[in-house]
Each structure stands twice: as structure tokens, then as C-alpha cells.
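Report on one structure; see the data block that follows.
The values are calculated or read from the model by the stated rules, or taken from the named source; none is laboratory data. Just so it is clear, the model here is predicted, and its values are computed rather than measured. Counting neighbours? That spans all protein chains shown, and the Cβs are built from the backbone with ideal geometry, glycine included.
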Amino acid sequence: MHQFPIRVYYEDTDMAGIVYYANYLRYIERARSDWVRDIGVDQNEMREAGQVFAVRRLEADYLGSARFDDELIVETSINTVSGARLVLDQVVKRGEETLFEAQVTIVCLADGQPTRLPAGFRRRVN
């Protein structure tokens, strides 16, 4: 499991002082990018080769509210990997309290068209 720390800044919050719902999607995106870097995949090289990752599907549950200056952790773990899809489970926590859960399906695009996940990437995540 990959862990990525996030601090809630004032700009992340709404008028009620809680994290605006769409910012959880930003948090999990940052965590996914960090996870991909940590497993040794260079997304700049992929892009230069005409391949990019894209979110195909996302299912999310908002379970609690983060507030200004909270220290959060985004946990990312692999659910399933196939030749063409990667499904990740991502959880945003404040301490032991789960605030947000998402299941994210990632695909690879080559020149804008769906393609198999790169073999090197599949080897790193299997």
C-alpha cells in the first residue's frame, strides 16, 4: 500500500470551512501520480512515446469532512490488474478516521485510443 500525505490548505475549503468535495479527487490524483513515480514508471517518457493513463471510471463515497489545516493520508492499493485496466482502491484518512473512499479504474491511451497497459508497467504492479 502506498501512502501520500496531504495538508489541507485554506484554498481547499468552502465557505463552511470544510474541504470542497471536488478537492478529494485532486488529492487522490496526486497520490496516484506519486505512486506511479514510486514504482519506477516515468509518465513523461510514456507521454513522449504517445501513451498516457486516463481515468475510465470512478466510484466515490464521502464519509466525513476534512477541515483547514488537517493532516490527511491518501492510501492507494491495487484492487485488480488486467491487460487493459488497473483498478485501484484509494482512501483518504485523518488519523484512523476514513473520510473518503474511491475505486478508480485506470486505462492507457495511445494516440487517444484505448490500448493495453504497457508490459513494463504490468510487471511492476503484478
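Quickly run through segment 76-99 and pick out the residues that are in a strand (DSSP E or B) and farther than 19 Å from residue 56 by Cα. The answer is 92, 93, 94, 97, 98, 99.
Scanning segment 35-75 for residues that are polar (S, T, N, Q) and either loosely packed, with under 14 Cβ neighbours inside 10 Å or not in a strand (DSSP E or B) (or both) gives 43, 44, 65. Looking across segment 1-25, the residues that are more than 14 Å from residue 72 (Cα to Cα) and in a loop (DSSP other than H, G, I, E, B) come down to 1, 14, 15, 16, 17, 20, 21, 22. Within segment 31-51, the residues that satisfy the criterion of being in contact with a strand residue (DSSP E or B) (Cβ under 7 Å, 6 or more places away or on another chain) and at pLDDT 90 or above are 31, 32, 34, 35, 38. Of the residues 99, 88, which single one is modelled with pLDDT of 95 or more, over 15 Å from residue 1 (Cβ atoms), buried (at least 18 other Cβ atoms within 10 Å of the Cβ) and of a type in the set (A, V, I, L, M)? After ruling out the rest, the residue left standing is 99.
Contact map, segment 69-80: first residue among the small types (Gly, Ala, Ser), second residue surrounded by fewer than 17 Cβ atoms within 10 Å (Cβ to Cβ), Cβ cut-off under 9 Å, separation 6 or more or different chains; pairs are 77/1; 77/89.
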